[in-house]
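This report concerns only the one structure given below.
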Amino acid sequence: MADRPVPVVEKRLMDVKLGELGSWLGGRDFTPNGILQAIRRGHDRYYNKYINVKKGGIGGVAMLLVGYVAISYLWEYDHISEILTI
Amino acid sequence: MTLSLFDQFMSPTLLGVPLIGLALALPWVLFFQPGARWMNNRLVTLQAVFMNWFVKQIFQPMSLGGHKWAALLMSLMLFLITLNMLGLLPYTFTPTTQLSLNMAFAVPLWLATVIIGMRNQPTHALGHLLPEGTPTALIPVLIVIETISLFIRPLALGVRLTANLTAGHLLIQLIATAAFVLFPMMPSVAILTSILLFLLTLLEIAVAMIQAYVFVLLLSLYLQENV
């Protein structure tokens, strides 16, 4: 399925071959502007897939909240693990 | 054991990144922008219904000059409600338990209402310091008292929010620890404690919403006096 050769940096992550991973990472835009654009792209993808649909249910928001709880648990693991050892 | 109860209010950091940053940025993600359609999906519509209802509640008694504050007060209300409710999820951090944050909300907004009053209608604003119908002998004392009460307002706003949320979280942690410890020894008492915990959590959900509402309502009242 090789139509036209695409520059490595512009491929999506799943299309990058393992050998090309280094050059892919090196060419990505890590400036603050680039990071903001990446965050906005990710947000738009999630929003349009789970929330901006005709019959959106509680699932879209619930996934976000569960992810938030999971991240908080990871963040506070050091603290919490000390409670049971005292 | 007493020290560890307050540990939940220390701003936790991971690799130098404070969790409070994530907690403060999260409300942005949870509110949906209306699309470019005439009729949006049910989630956006539900959100719009609540927002319209809140705005009408708060801005109905206010004169037109105060309506400029609608966007600010509404976003403040949504922010506070979201922060409070998110804090009730397990393992999360509630930024509104930090006095610094609540004072940062209260002091500038209160000061803005006072300055607006003093600039636009100084006589009327100063007239609030003396309630109508006071006996003449009491006037000096009352002016002092009213000035003190004016300056205590931002302190009261900030501390009210902080204290309510902190107390709620502490209670939840205490009672949960009690239920957890009692469970191997006296299961029946532990079940009673668990029922108490459940009711307390319901109360906390209510308190979270009410406190945010009270904060914004009081600010709108101060604005009404001065605008």
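Every test in (1) of a type in the set (Ser, Thr, Tyr); (2) part of a helix (DSSP H, G or I); (3) touching a residue at least 40 places away in the same chain (Cβ under 8 Å) is passed by B:Ser100 save one, and that test is (3).
The residues listed here are B:Ser75, B:Ser149; of these, the one that is free of Cβ contacts under 8 Å to residues at least 12 places away in the same chain and surrounded by 12 or more Cβ atoms within 10 Å (Cβ to Cβ) is B:Ser75. Filtered by the rule that a residue be within 7 Å of chain B (Cβ to nearest Cβ) and loosely packed, with under 11 Cβ neighbours inside 10 Å, segment A:36-65 gives A:Lys54, A:Lys55.
Only one entry in B:Gln8, B:Gln57 is outside any loop (DSSP other than H, G, I, E, B), surrounded by 13 or more Cβ atoms within 10 Å (Cβ to Cβ) and within 14 Å of another protein chain (Cβ to nearest Cβ), namely B:Gln8. Being within 23 Å of B:Asn84 (Cβ to Cβ) and surrounded by fewer than 13 Cβ atoms within 10 Å (Cβ to Cβ): is that true of B:Ala212 here? The answer is no for B:Ala212. Residue count for segment B:117-135, restricted to those that are surrounded by fewer than 19 Cβ atoms within 10 Å (Cβ to Cβ) and not in a loop (DSSP other than H, G, I, E, B): 8. Scanning segment A:66-85 for residues that are at pLDDT below 85 and facing chain B (nearest Cβ under 7 Å), we see that the one that is nearest to the chain's Cα centre (by Cα) is A:Trp75.
Would it be correct to say that B:Glu204 is under 23 Å from B:Met77 (Cα atoms) and among the acidic types (Asp, Glu)? So B:Glu204 passes the test.
Being in contact with an Asp or Glu (Cβ under 8 Å, 6 or more places away or on another chain) and more than 14 Å from every other protein chain (Cβ to nearest Cβ), is that true of even one residue in segment B:104-115? Yes, some residue in segment B:104-115 is in contact with an Asp or Glu (Cβ under 8 Å, 6 or more places away or on another chain) and more than 14 Å from every other protein chain (Cβ to nearest Cβ). Apart from one condition, B:Pro90 fits all of (1) more than 14 Å from chain A (Cβ to nearest Cβ); (2) not in a helix (DSSP H, G or I); the exception is (1). Among what's in segment B:157-185 and is of a type in the set (Gly, Ala, Ser) and touching a residue at least 24 places away in the same chain (Cβ under 8 Å), pick the residue that is nearest to B:Leu88 (Cα to Cα). Per the criteria, the residue is B:Gly168.
Here B:Thr82 clears all of (1) under 19 Å from B:Leu223 (Cβ atoms); (2) surrounded by 13 or more Cβ atoms within 10 Å (Cβ to Cβ) except the condition numbered (1).
The values are calculated or read from the model by the stated rules, or taken from the named source; none is laboratory data. Bear in mind the structure is a predicted one, so any value in this text is a computation, not a measurement. Positions of Cβ are generated from backbone atoms using ideal geometry, with glycine treated the same way; all protein chains shown enter the neighbour counts.
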